[in-house]
1. It is to be established whether one or more residues within region 248-271 are surrounded by 15 or more Cβ atoms within 10 Å (Cβ to Cβ) and of a type in the set (D, E).
2. Scan region 103-120 and give yes if some residue there is in a loop (DSSP other than H, G, I, E, B), under 25 Å from R31 (Cα atoms) and touching a helix residue (DSSP H, G or I) at 6+ places or on another chain (Cβ under 8 Å), otherwise no.
3. How many residues, within region 41-80, are within 30 Å of G161 (Cβ to Cβ) and touching a helix residue (DSSP H, G or I) at 6+ places or on another chain (Cβ under 6 Å)?
4. So which residues in region 150-201 are open to solvent by less than 10 Å² (accessible area, probe 1.4 Å) and assigned to a strand (DSSP E or B)?
5. Can you tell me which condition R63 does not meet? The list is (1) in contact with a Gly (Cβ under 9 Å, 6 or more places away or on another chain); (2) outside any strand (DSSP E or B); (3) open to solvent by 70 Å² or more (accessible area, probe 1.4 Å), and all the others hold.
6. Can you find a residue that is part of a helix (DSSP H, G or I) and in contact (Cβ under 8 Å) with a residue 40 or more places away in the chain anywhere in region 75-93?
7. Where residues in region 22-47 are part of a loop (DSSP other than H, G, I, E, B) and under 24 Å from V75 (Cβ atoms), which of them is nearest to the ligand (Cβ to nearest atom)?
8. So is A187 assigned by TED's automatic domain parsing to the domain that holds N23, in contact with a Lys or Arg (Cβ under 9 Å, 6 or more places away or on another chain) and modelled with pLDDT of 90 or more or not?
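The values are calculated or read from the model by the stated rules, or taken from the named source; none is laboratory data. These figures come from a predicted structure and were not determined experimentally. Heads up, the Cβs are rebuilt from the backbone with ideal geometry, glycines too, and the neighbour counts pull from every protein chain shown. For the accessible areas, the whole protein counts, side chains as well, though only heavy atoms, and no ligand, DNA or RNA atoms are used. Shrake-Rupley method; radii C 1.70, N 1.55, O 1.52, S 1.80 Å.
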Amino acid sequence: MNPDVILRLEQASKQYKGKTVLNGVSMEMSRGETVAVTGPNGSGKSTLLKMMAGLSALSSGKRETIGSGEGGTLVIGYAPDHLPKLKFTAREYLNHMGAIRGLEAAARTRRIEELLQLVDLRDRPGQQMKFFSKGMLQKVNLLQALLGDPELLLLDEPIGGLDEEAQDALTSMLLSLRQKGTAIVVATHEQALIGPWAERVVAISDGRIQSIAATTDAMEGKRWRRIVCRWPEGREEDAKAFASWPGMMQYRKERRQAVYWTEPASSDALLRELLEAGASVDSVTIGSGRMV
Ligand SMILES: Nc1ncnc2c1ncn2[C@@H]1O[C@H](COP(=O)(O)OP(=O)(O)OP(=O)(O)O)[C@@H](O)[C@H]1O
């Protein structure tokens, strides 16, 4: 595994009662990498995040993680798409979650107060979460994911219910976490949330990755190699599997051709592997900036 890779899914599939909701998904997350997962309702975004979090078992395929926690564990923070309305106050709930994550009492209180400073929760003293608005619950949800100082942060539709001010605060929080080296995956419908902080956008539909693309902001001035090749009939899955090759910036299927944009440092190895795997290369182009 590439030394920066902290999580890897290989041909991961998920079935619920015989119905396939994720089908052969391969993807890697590296330290500090930021990814937005987009796709229509029911396409499998939440399922993908739960599998990445280790909360939902794979029906088939492989999940590997390597982190800097005890014994190489990866410290993951996960915020589901909503929190239930519980009979706890925000502090009680966060304290409870912090204890589950193994934070000792003093550190827990410090961390909770530090995190509460980041969001303007506006709860009343002693107010239980069952009386919280959707936006207030969402803020607590985000904070519980950040409690353990995660190396990988997984946020499922974090923007739902947040007012404009809170959305801006979330974006700047994601940017500063990225600078700190936290890897972030956000499942979202909101284009506004993608641009400023995500480097890659993974589009899924019908339980499969349809494309992986670098965002325009992330591409500014970046150099790439564009490799166009043809795969023999029936090898679509192999063609797509290369989309998660290390250094891959974008993959697109164009009629009978597969087009890969890769970082220059990875392009020779990628070319060799493509040829060895049976693809025939039509062209290699050098470029920078927007990938066309
Ligand atoms: N626990 C479950 N049992 C049975 N089916 C499930 C379960 N969880 C998800 N599904 C099904 O899996 C499919 C993918 O659901 P998922 O929640 O991952 O999609 P999504 O892209 O996150 O959708 P949305 O944008 O609406 O949140 C859906 O058809 C859903 O009904």
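1. Scanning region 248-271 turns up at least one residue that is surrounded by 15 or more Cβ atoms within 10 Å (Cβ to Cβ) and of a type in the set (D, E).
2. Here is the first cut: in region 103-120, the ones in a loop (DSSP other than H, G, I, E, B) are 103-104, 119-120.
Restricting the remaining residues to those that are under 25 Å from R31 (Cα atoms) gives 103.
Applying the additional criterion that residues be touching a helix residue (DSSP H, G or I) at 6+ places or on another chain (Cβ under 8 Å) yields 103.
Among the residues of region 103-120, at least one is in a loop (DSSP other than H, G, I, E, B), under 25 Å from R31 (Cα atoms) and touching a helix residue (DSSP H, G or I) at 6+ places or on another chain (Cβ under 8 Å), which makes the answer yes.
3. Looking only at that region, the number is 5.
4. L152, L153, L154, L155, D156, A183, I184, V185, V186, A187
5. R63 satisfies every listed condition except (2).
6. Within region 75-93, the subset part of a helix (DSSP H, G or I) is 90-93.
Imposing the further condition that a residue be in contact (Cβ under 8 Å) with a residue 40 or more places away in the chain reduces the set to 90, 93.
Yes, there is a match, as at least one residue in region 75-93 is part of a helix (DSSP H, G or I) and in contact (Cβ under 8 Å) with a residue 40 or more places away in the chain.
7. Taking region 22-47 and keeping what is part of a loop (DSSP other than H, G, I, E, B), we get 31-33, 39-44.
After this cut, where a residue has to be under 24 Å from V75 (Cβ atoms) as well, the list is 31-33.
Details: R31: 25, G32: 25, E33: 21 Å.
Among them, the one singled out is E33.
8. On the way: assigned by TED's automatic domain parsing to the domain that holds N23: yes; in contact with a Lys or Arg (Cβ under 9 Å, 6 or more places away or on another chain): yes; modelled with pLDDT of 90 or more: yes.
Here the answer is yes, as A187 does meet what is asked.
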